[in-house]
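Right, one structure below, let's go through it.
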Amino acid sequence: MRPPTTPLMSQRSHNFSAGPAVLPEPVLERIANELYDWAGTGVSVMEASHRSEAFIACAAEAEARVRRLLSVPEDYAVLFLQGGASLQFSATVMNLAPSGSLAFAETGAWSAKAYDAASKLAPVVRACTLERDAHGRSSIPSVADWAVSEDASYLHLCDNETISGVAWDDALLDDVQDRHPHLPLVADMSSSIMSRPVDVSRFQVIYAGAQKNMGPAGVTLVIASPDAIARSRAAASQIPNVLCWAAMADADSMLNTPPVFAWYVCGLVFEWVEAQGGVAAMQQRNRAQAARVYEAIDAHPACDNSVAERFRSIMNVPFVFRDERETAEFLAACQSQGLVGLKGHKSVGGCRASLYNALPDSAVDALLQQLRASAAKAAAADLGAA
Ligand SMILES: *Cc1c(COP(=O)(O)O)cnc(C)c1O
């Protein structure tokens, strides 16, 4: 039997979901085409043994693409694990087996969750929490004011807070490393990995769930320095094998059955990112899209993004209206035009537009149209009320 050949893209929505999230359409087409007979095996990738030659080649190619896309230093390990970024909140502590306390930059909900998870396993200290700037907007305090003890084993940070839309920038990383040159850095990059170039060598460990910017849920990328792997190896007798980075590195992430489908799709997405020009090209497009969305929000009389300009995320743009009714009206108008996934996280309400790599410019055009229509309506209502 052949795969169905109906036009695939006829019913596509503009998908602003925060995760699982939009995938590149050419990747979806490729999956559909390969589903019945993958790589000449006569079975789908979901039905193939992870020990088969075809899958081992597919897995290795995905790893090689990660290494190229992010210029991962050769001696770093690149792992494809399960359990989501959430399991790495704990696995990082178990593998790095810190002797001192752990410092956490708490810049939003995800870094707070990482802090809570780590607090069950080791002494933890909040190095910083968000503050309000002169305009009442969320801001990360100056590193000079952080509480980082000299014996801290590492600093954990969340590169991009998916819920509140607060993101680190390179200058902040520079400040941290200037002040604390020997402090290893562990970064949760779940919602920003491959959205811009990063210097991987600055980090002891980077981890990221796939379902925001890389592929489907079910696989988690861990990029670990030689020092991190050595620590993991030393701690190996204390931790379950499937959580142990060193054991997983030794087994090419196949100590047990890996999430073959998710890994394969990630590989296709990496191939797509390379074809787009790599992460630098992604960054350009992401910046341009985000700038347009923030501009429309800032120009809207009834709409606000509450993050200081410097720390505004280019991946997740949360915005609130003055009241629930306006929020509901906006979401309904979007829904009717095929714009989905714009409802804000349940903990903060309002709206959120996630602008991941695979989001086409046409989706941003459609969103701007809705924001402008809503702005005109709000301005007219304000005039009527005056
Ligand atoms: C989504 C997300 C997580 C949680 O990922 P899971 O795969 O659901 O465990 C952690 N950190 C950040 C920054 C996220 O965006």
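Some notes on this structure:
- Checking the stretch 270-291 against the condition returns no match, with no residue being farther than 30 Å from Ala62 by Cα and crowded, with 16+ Cβ neighbours inside 10 Å.
For every residue, the table says whether it meets (1) in contact with a Ser or Thr (Cβ under 7 Å, 6 or more places away or on another chain); (2) hydrophobic (A, V, I, L, M, F, W, C).
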| residue | (1), (2) |
| --- | --- |
| Phe16 | yes, yes |
| Ala32 | no, yes |
| Ala54 | yes, yes |
| Ala57 | no, yes |
| Tyr76 | yes, no |
| Leu102 | yes, yes |
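- The condition (being without any contact (Cβ under 8 Å) to a residue 24 or more places away in the chain, within 12 Å of the ligand (Cβ to nearest atom) and of a type in the set (A, V, I, L, M)) is satisfied by just one residue among Ala112, Ala85, Ala64: Ala112.
- Taking the stretch 316-344 as the range and being part of a loop (DSSP other than H, G, I, E, B) and crowded, with 16+ Cβ neighbours inside 10 Å as the test, the residues that pass are Gly341, Leu342, Gly344.
- Lone unmet requirement of (1) in contact with a Gly (Cβ under 6 Å, 6 or more places away or on another chain); (2) open to solvent by 60 Å² or more (accessible area, probe 1.4 Å) for Lys212: (2)
- Among (1) among the β-branched types (Val, Ile, Thr); (2) in contact with a Lys or Arg (Cβ under 7 Å, 6 or more places away or on another chain); (3) within 27 Å of Ser49 (Cβ to Cβ) - the single one Val279 does not satisfy: (3)
- Scanning the stretch 55-78 for residues that are of a type outside the set (Ser, Thr, Tyr) and closer than 18 Å to Leu185 by Cα gives Leu70, Val72, Pro73, Asp75, Ala77, Val78.
- Enumeration of residues in the stretch 70-90 that are over 18 Å from the mean Cα position of the chain (by Cα) and among the aliphatic types (A, V, I, L, M): Ala77
- For the stretch 346-379, residues that are buried (at least 17 other Cβ atoms within 10 Å of the Cβ) and not hydrophobic (A, V, I, L, M, F, W, C) total 7.
- Matching entry among Ser119, Ser149, Ser142, Ser111 (being small (Gly, Ala, Ser) and surrounded by 15 or more Cβ atoms within 10 Å (Cβ to Cβ)): Ser111
The values are calculated or read from the model by the stated rules, or taken from the named source; none is laboratory data. What you see is a predicted model, and the numbers here were worked out from it, not measured in a lab. Here the Cβ is made from the backbone with ideal geometry for all residues, glycine too, and neighbour counts use every protein chain on show. Quick note on the areas: whole protein, heavy atoms, side chains included, nothing else; ligands and nucleic acids left out. Shrake-Rupley method; radii C 1.70, N 1.55, O 1.52, S 1.80 Å.
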